[in-house]
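What follows is calculated from the coordinates using simple rules that are stated; it is not laboratory data. All values reported here derive from a predicted model rather than from experimental measurement. Cβ: placed from backbone, ideal geometry, glycine included. Neighbour counts: every protein chain shown.
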Amino acid sequence: MTDTRSRALDAAVTLVGEQGIRALTHARVDERAGLPKGSTSNWFRTRHALVAGVTAWIAERERADFAAASGDAPRDADELIDAFSAMVAAETGPFASRSRARYAMFLEGAADPELLAPLLAQRAAFEEWMRALLAGIGITPDHDLTRATMAGLEGLVLHRLTVDPNAEIRPVVARIVRGARVR
């Protein structure tokens, strides 16, 4: 059984992902998690602590997902396109709420470096992972190329979350990856 802290954090991520950062209150988290009143505030005494906890939890969950999905590294562009397409599909499908929450937390943390730190650490780890994947298929990934590839994938995720949830994935990802090969 999941401990109360994990239940509270999972519920908080869902709340932010579905209703935005303003929905994040201790009482709403308790209710969503099916916890007794006051449970969330036992773990996170202030709203700032709750927001910081959610930010760190999102980064932790995403790192675990990336580690689980990293298995065999793609050997060529088609395998990399498949891997990135699956990642975008997951981020805009089963993990859509968490993706929305991550974007909300980035915006919330824009004025608070302490809140932003776990997400920036996650982003740096993701950038290293991205660089290794590109190098693994024969692309020499400099800093700009890695960031451009990430920006293209993030843009597709954001587009599917906000504008067109049915937007095609693979053709866009293929263009991003194949464009990275042209130097």
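Here are the numbers:
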item	result
The chain - percent relative contact order, Cα under 8 Å, separation 6 or more	24 percent
Extreme residue, positive dipole direction of the chain, given options Ala167, Ile137, Ala86 (C-beta unit charges)	Ala167
In order through the stretch 134-143: 3J(HN,Hα) via Karplus (6.51 cos²θ - 1.76 cosθ + 1.60), integer Hz, x for Gly, Pro	5, 4, x, 10, x, 9, 8, x, 7, 4
For semi-axes √(5λ) of the Cα gyration tensor in Å, calculated from these coordinates, the label among [x] 33, 16, 15; [y] 30, 22, 17; [z] 28, 18, 13	[x]
Helix-derived mean residue ellipticity, 222 nm - over the chain, DSSP H n ≥ 4, -39500 (n - 2.57), to 500	-25000 deg cm²/dmol
Charge dipole (the chain, unit charges on Cβ, about Cα centre) - positive-most of Thr25, Ala59, Ala73	Thr25
About the Cα centre, charge dipole magnitude for the chain (Lys/Arg +1, Asp/Glu -1 at Cβ), debye	380 debye
